[in-house]
Amino acid sequence: MNPALMACLAAVLLPLLGALIAGLGGVGRSTAHRVTIACTGISTLLSLLLYKRIILEQGASLNEVAYTWLGGEWLTLEIGFLVDPLSVTMMVVVSLVSWLIHIYTIGYMRDDPGYQRFFSYISLFTFAMLMLVTANNFLQLFFGWEAVGLVSYLLIGFWFKRESAIAANLKAFLVNRVGDFGFIIGIAAVLAFFGSLDYDTVFQRSDELRGAVLVILGQDISMATLICGCLFVGAMGKSAQVPLHVWLPDSMEGPTPISALIHAATMVTAGIFMVARMSPLYELSEVVLNLILIIGAVTALSMGILGIVQHDIKRVIAYSTLSQLGYMTAALGASAYAAAMFHLVTHAFFKALLFLGAGSVIIALHHKQDLRNMGGLYRYMPLTWIAMLAGSLSLIGFPGTAGFYSKEAIIEAMHYSRLPGAGFAAFALTLGVFFTGLYTFRLLFLAFHGRERTRVDEREQLRESPRVVTIPLLVLMVPSLVIGLPLVELMLYGGYFRESITVLPQHAVLATMRADFHGVWSYAAHALLTWPFWLAMAGVAVAAYCYLLRPQLPGRIATAAGPWYRLLLCKYGFDAFYLGPLAGGVRRVAHRLWQDVDSTLIDRWMVNGTAHSMYLLSAVVRRLQTGRLYHYAFMMILGLLLLGLLQG
Amino acid sequence: MLSGLIWLPICWGIGLLLLERVRPALVAAAGVVGALLTFALSLLMYIGFDPAAGMQYTEQYAWIPAFAIRYHLAVDGIAVPLILLTTFSTLLVALLVPPTDRPALHLAAFLVLEGLMNGVFVARDAILFYVCWEAMLIPMFVIIGVWGGPRRVYAAIKFFLYTFLGSVFMLIALLYLYHRSGSFAIEAFQLQPLSLHEQTLIFIAFLLAFAVKIPMWPVHTWLPDAHVEAPTGGSVILAAVMLKMGGYGFLRFSLPITPAACALLDGLMITLSLVAIAYIGMVALVQQDMKKLIAYSSVAHMGFVTLGFFLCFTPAAMLGLQGGMIQMISHGFISGALFLCIGVLYTRMHSRQIADYGGVVNTMPRFAALLMFFAMANAGLPGTSGFVGEFLVILASFQANFWIAFIAATTLILGAAYTLWMYKRVIFGEIANDQVRALQDIDSRETLVLGLAAVAVLALGIWPAPLVELMDPTLEQLWAHVQAGKHG
């Protein structure tokens, strides 16, 4: 077996081993975290080694089959691994963030009775996510896809006594299943067309999709559009795009470390990764690319606006995640896959940082999460404050930070895209930057600055979180701020992804942008002359005015805006619609089917009705069986006569 | 070998009846030994089985020479996995603590039932098949009638009459085939040329028998009633094995004997299967009784079996046949385990109503973890056996028609919705009442039973290749036979 495959297998399977030991081994608390941290740590090291080999040394990609899942002459499905620039980038992000969050968890979950269970789950998640990104075929992709969904379900409902948590995890699983419904049809379409689920085979023959159609309801549907559209429905579920976004804010019911790991840095970006992975297919359907562009832009803007009216510190960040996922999605639509991946990487670091920072605040306040009861915390928690500030700057795209380079590239790509939705997307994403600045610094000001709204007795206990919590924060600060510098040129313009991403010449927006790129610093300086920078600053300024200088103002605006404010508070009514007419309607219909069709029509009328008429019939027959011999003799003679008549 | 699989459990079961007066613990142990021996025998058969070699372990004697009825046994790649499922499920049931009321009779009924079920799968003579098929109803009737719930008499009679009525038509078809071919050998039936008209009538006669058994919509209403009233072991065997008889019948009789009729009526069969998947999936959603919910879920899952089988005339026929077979085996493990789980709760709380539960995880964490695993398997999570069959059938159905795949794929949403919603209401949350507070977690024996089922579900999900390879040559042969005969 070749060493790269062994490294990959070990990197993927070690977290599983850790999860099994922590979950089923009946081990103590410290053993649970030691084992899982060691396993994830080795996994991180191996991922870095593979990264060095494939990216830095430009080594060959790994594409190997591990075993045959099932097979016959009619179809062979295999489990195998593909480690190329795209997947190795994901491996590093996933394992590294996961490892830091394992460490952070020691502090965050210290008093929780489900300590071992939690470590088991997050290790299991790491395994599933690594399976997802290293898959070399659609089957294994789907395995990882569903497995991360399972662990997400388990972790959102980690505190299973809370009614809100177990409602949220069911909702998350079911909304994701709606996405998977599309996803599995997409996979079936791939198999029907290519006769294989292996990436290599499918991508090499992707050109055959041109002109292929499937007739549905008398309409010719382009096969490429059908496949890409169905697969994208899956991505909309997992990466929480409108209208399948409703589960992500509720997922904040889970403990904060997993909000950082699963619902910000890694799992929710699986949809982005998947579309980038399928770029050879997506390139062939401009219809779907345009749809992706528009959905991404709508999500980025509409969800960003919602961030302004949330009071729960984690929910603000959750809406921010939705909005940022919208940016990535829009980038995919514009065929700027590399830009989407770049934003995925930077976002993973700065959003994990923000969540862990929020978690640190939550620890200090004994699990209170309402921004209205915070304020002035920077005095007590300077390290957390610095970390949050760094994450916030990166999130709003302050020139020079990691988030700046990735977001700037996405917005710029909109201007070069020739798709019909590009104009709208450029507008929405640019405006979105204003709201990003606003909600981000609203959070920062409300939590760390301004009047102290904590109770006096709480203030006495306020202190900085322990080192297991702050060290991961400080470590994450580094990439959040500076990782853009080495990566921007390499990832966007340097052929970083090589053959793992395909872009057709007519969609090659990044190649066009390359001409305008003259080094990281001049790029940052140039940004001072562009709209996004000033919009972001305007957002920060508005936040400062409203939440530092005039704290009474937001309340008055809310009252004045009346119905608009309520529209935002009810999150545009998606939840109400899904819960009421949709879920309720399905249940009502189901109840009618059961009572009217199953119980009444089939069972009472047909089945028992048959039995009953048999009973009546038998009553008649019983009367015939009188037991008197001459009756029978008479009947026999009558029968014989009849027979004779018929014969004659 | 095959005679052993029939007669060993039957004789052992009858022997157990002699132990009526012995200590219950001894009876239970004797029952386990009997089931274990049969399971070991079936494993030996599996090890010695060569998938490529067609019918094997043939035993053939004249039985009633006047009518050319023979005692003829053999197995192929379809029968072997079903026999393993039967012996495995019976072992799980035997490992359960038997009821205090007449434990010997209870175990005896299951062992006799096991022998007869094996008989159905190994019989190569139609009359032998029919005898086992009908005789099987007697121990099940006893199980429901003696240890069942309050409406057991209604349920038992409904179950008996429903399936019996279906079987009568099958008997007529078998007699007609005897009349045409002069033999009761199933092989002879399959080779007998029949006109399309004859095939259609025979197909409908078989359909009545198999559709009731599997069960298909709209002749499924006996199943929820039978499950609700049946004791745990009865439900397990009913769901795990007896439903599979219908699927087995389609593969052994309908498809090879009346291929042209199948080709003619496959649209009907596919439609009924889709109704089972979507409509029954919705009905399952609103059930308040856990057993009824799982029973409806069974009907929906068996919809994938019939859907897969009757995709036989579309481009991805093999995918459908394999998917349907895997779904049968997998559903045997998963639904059996789910009924075991409900039994675990029932023995403690004497209620199957979802509303009587809540927060069980607080008092039974180990049980909650295992039930979570089976619930996810029931919802078709990849990595469990529940995924494999559904996945293959959805893949196959897309190649037949986009809309078939579209409706079949709704199971992803519905299956997760009804299973996990039930799980949420029963397991999660604060402790709902004092009875839940007093619950004891599962003991080592129950853990062993559920653990064994979990291992089977997981193994099949991670590596279905051995099962597929076992069945592949037989299914290929069946498919070729059906292809050759589909034009009548």
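Laboratory data are not the source of any read-out in this text; all were calculated from the coordinates shown. Just so it is clear, the structure is predicted and the values come from calculations on it, not from any experiment. When we count neighbours, we look across all protein chains shown, and the Cβ atoms used for this are built from the backbone with ideal geometry, even at glycine.
Give me the mean projected area, in nm² to one decimal, of the convex hull enclosing the Cα positions of the range A:483-572.
Spelled out: convex hull of the Cα atoms, projected over all directions, averaged, 10.1 nm².
For the protein assembly as shown, report the convex hull volume of the alpha-carbon atoms normalised per residue, in Å³, without decimals.
About 192 Å³ per residue, rounded to a whole number.
Counting only other chains, and only Cβ atoms inside 10 Å, what mean value do you get across the residues of A:166-174?
The per-residue average across the peptide is 4.
With runs of 4+ DSSP H residues as the only contributors, calculate the mean residue ellipticity of the protein assembly as shown at 222 nm using -39,500 (n - 2.57) per run, divided by the residue total and rounded to the nearest 500.
-22500 deg cm²/dmol
What do you get for trypsin sites (Lys or Arg not before Pro) in the range A:114-216 restricted to DSSP loop and a cutoff of at most 16 other Cβ within 10 Å of the site's Cβ?
Here the sparse-neighbourhood loop sites are A:161, A:162, A:205, A:210.
For the range B:431-437, what does the Karplus curve 6.51 cos²θ - 1.76 cosθ + 1.60, with θ = phi - 60°, yield as ³J(HN,Hα) per residue in whole Hz, taken in order and with x for Gly and Pro?
Whole-Hz 3J(HN,Hα) from phi for the range B:431-437: 4, 7, 7, 5, 5, 5, 4.
How would you order B:444-450, A:482-488 from highest to lowest mean count of nearby Cβ atoms within 10 Å?
Those peptides, ordered most packed to least, come out A:482-488, B:444-450.
In chain A, once you exclude exposed GluC sites (Glu not before Pro) (DSSP loop, at most 14 other Cβ within 10 angstrom), what's the longest stretch remaining?
Between the exposed loop sites, the longest stretch runs A:74-648.
Which ordering of B:289, B:101 is given by a fewest-first count of other beta-carbon atoms within 10 Å?
With the sparsest Cβ surroundings first, the list reads B:101, B:289.
What's the average, rounded to a whole number, of partner chain beta-carbon atoms within 10 Å of each residue's beta-carbon in B:399-412? Numbers along the way, then the final one.
On the way: counts 6, 1, 1, 10, 2, 0, 6, 6, 0, 3, 8, 3, 3, 12.
Across the residues of B:399-412, the mean count of other-chain Cβ atoms within 10 Å is 4.
On a 0 to 90° scale, report how tilted helix A:467-482 is relative to the longest principal axis of chain A, with both axes built from alpha carbons and the result rounded to the nearest 10.
80
How long are the three semi-axes of the equivalent ellipsoid for chain A, computed from the Cα gyration tensor as the root of 5 times each eigenvalue, in whole Å, largest first?
Here the semi-axes work out to 52, 32, 27 Å.
Arrange the peptides B:84-97, A:255-268 so that the one whose residues have, on average, the most other Cβ atoms within 10 Å appears first. List each step's numbers first, then the result.
Numbers: B:84-97: 24.6, A:255-268: 28.5.
The peptides rank, most packed first, as A:255-268, B:84-97.
Output the 0 to 90 degree angle, nearest 10, between the alpha-carbon long axis of helix B:24-48 and the longest principal axis computed from the alpha carbons of chain B.
Approximately 40 degrees, to the nearest ten.
Quick one: of A:52/A:238; B:292/B:486; A:238/A:314; A:238/B:244; A:171/A:407, which pairs are farther than 27 Å apart, Cα to Cα?
The pairs that break the limit, which is 27 Å between Cα atoms, are A:52/A:238; B:292/B:486; A:238/B:244; A:171/A:407.
Measure nothing fancy, just the Cα-based angle from helix B:126-135's long axis to the longest principal axis of chain B, in degrees from 0 to 90, nearest 10.
Taking the Cα atoms of chain B, the angle to B:126-135 is about 20 degrees.
Only sites in a loop by DSSP and with at most 16 other Cβ atoms within 10 Å count here; which GluC sites (Glu not before Pro) in the range B:15-121 make the cut?
The qualifying sites are B:20.
Going by average Cβ density within 10 Å per residue, which order do the peptides A:300-307, A:586-593 take, highest to lowest?
A:300-307, A:586-593
Please average, across the residues of B:277-284, the number of beta carbons from any other chain that are within 10 Å of each residue's own beta carbon, and give a whole number.
Numbers: counts 0, 0, 6, 4, 1, 8, 9, 2.
Across B:277-284, the average partner-chain Cβ count within 10 Å equals 4.
With just the Cα atoms defining each centre, how far is the range A:545-572 from the range B:201-265? Give it in Å.
Measuring centre to centre over Cα atoms gives 63 Å.
Tell me the chymotrypsin sites (Phe, Trp or Tyr not before Pro) within the range B:163-195 that lie in a loop according to DSSP and have at most 15 other beta-carbon atoms within 10 Å.
Here no loop site has a sparse enough neighbourhood.
Can you compute 3J(HN,Hα) from phi for each residue in the range A:317-327, using the Karplus curve 6.51 cos²θ - 1.76 cosθ + 1.60 with θ = phi - 60°, rounded to whole Hz and x for Gly and Pro?
Per residue, the Karplus-derived 3J(HN,Hα) values read 5, 5, 5, 4, 4, 4, 5, 5, 4, x, 4 Hz.
Got the relative contact order for chain A handy, in percent, Cα pairs under 8 Å and 6 or more residues apart? Present the calculation step by step, with values, prior to reporting the outcome.
Working: 1049 pairs, mean separation 76.2, N = 648.
Relative contact order, chain A: 12 percent.
Quick one: divide the alpha-carbon radius of gyration of the range A:1-124 by 2.2 N^0.38 Å and tell me what you get.
After normalising by residue count via 2.2 N^0.38 Å, the value is 1.21.
Report the net charge of residues surrounding residue A:350, where surrounding means a beta-carbon distance below 15 angstrom and charges are Lys +1, Arg +1, Asp -1, Glu -1.
Result for the neighbourhood of residue A:350: +1.
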